[in-house]
Amino acid sequence: MYPEYYKVKGQWLLAEESRMDSCVVLREDGTLAVVEARNLKKGDLVALGRTEKGEEGIYLHAKGFLAPEDELEDQFVFRQGRSRETSYARDYDNLFELLKYEKEHGNIVWVMGPAFAFDADARRAMELLIDNGYAQGVLAGNALATHDLEGALLHTALGQDIYTQRSKPNGHYNHLDICNKVRRSGSISQFIKDYDLNDGILCSCVRNDVPFVLAGSIRDDGPLPEVMGNVYEAADAMRGVVRKATTVICMATMLHTIATGNMTPSFRVLEDGTVRPLYLYTVDIDEFVVNKLLDRGSLSATTVVANVQDFIVLVAKGLGLL
């Protein structure tokens, strides 16, 4: 995911969309394309090499965005890991400033698990972020969308009241009713129109023309019409949203987080040729989940161990929306 340069005919060229689990192909026009292995074609010129310091014409620039103060002189220091004991106060302050900047100059993509749909305050906070221009894309699955729409129509999520967290009688049927109603409407946007809904995450996305990709899973019920059951189509659609992103915030979904992290570089090349960092955050209440992304190789991620419902409310408050 780091900036990676390839020496071609005596010149070092940057692979502008470098990412994990992909190959670098030299095109006929002399440009470099980054291509998933499944999309390689017979005759493609693929860069091969096992070193990354320039010996074989491949150079990985892993420390390009480090500030001088990021280089520690002492090799032995306490509290360099990220755990439930870590203070995240500075991370929140940095995130608030980053989001304000990105609203005007960047592209913010949110990767979401269904936890948000179970709490009215979290749904409202995310809705306000989308309404106020802090989202240019949302990646999620069938569960987040189904439970969020259940909250909008029935004020429950999996049958549990999103305000009181009390289970409603026969509430376990609610999400199936929602799946049926949305499928009868034919699409999420038509369902929202048919039932005159105006609150929650999906309603805000539709209202503000924010693109969302719902990647399916083998255990989905329904699913909703927009949910993509073909894993390759879903990955390509996610990639279509991610390729514009300058900040990605992944919350309470391990598989979607890892998938997104694997297709996200640590940098973006702007129209004027400037190379800028791409900021990747992963937030979960479980230390294992946030560290899993680091273990998979996305070393440029900032991890936060927190309840995501509290996290999103704090973000909305920090931006003055609540």
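Below is a table of values for the structure above.
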read-out	value
Whole-Hz couplings from phi, Karplus 6.51/-1.76/1.60, listed for the range 196-211; x for Gly and Pro	6, 8, 8, 9, x, 6, 5, 4, 5, 4, 5, 4, 9, 6, 8, x
Label-point separation, Lys181 to Val34 (7 Å along Cα→Cβ), nm	4.2
Nearest-10 value in Å² for the accessible area of Lys317, using the 1.4 Å probe	120
Under-5 Å amide H pairs with Thr302, H placed in peptide plane, nonlocal only	Leu280, Tyr281, Thr282
The chain, accessible surface, carbon-and-sulfur percent (1.4 angstrom probe)	49
Local net charge near Leu32, Cβ-Cβ under 13 Å (Lys/Arg +1, Asp/Glu -1)	-2
Loop-located trypsin sites (Lys or Arg not before Pro) in the range 158-216, at most 14 other Cβ atoms within 10 Å (DSSP)	Arg166
Nearest-0.05 FRET efficiency for Arg84 and Asn132, computed from C-beta distance (R0 30 Å)	0.50
The chain - accessible surface per residue (Å², probe 1.4 Å)	53
Under-5 Å amide H pairs with Thr264, H placed in peptide plane, nonlocal only	Met20
Efficiency of FRET from Cβ geometry, Arg219 and Lys7, R₀ 45 Å, rounded to 0.05	0.45
Residues with amide H under 5 Å from that of Glu36, placed H, sequence gap 5 or more	Cys23
Distance (nanometres) between label positions extended 7 Å along Cα→Cβ at Tyr101 and Asp236	3.5
Separation in nanometres of the label points that stand 7 Å from Cα toward Cβ, at Asn307 and Lys42	5.9
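The values are calculated or read from the model by the stated rules, or taken from the named source; none is laboratory data. Source: prediction; values computed, not measured. Note that each Cβ is placed from the backbone with ideal geometry, even for glycine, and that neighbours are counted across all protein chains shown. The accessibility values were calculated without ligands, DNA or RNA, using every heavy atom of the protein model including side chains. Shrake-Rupley method; radii C 1.70, N 1.55, O 1.52, S 1.80 Å.
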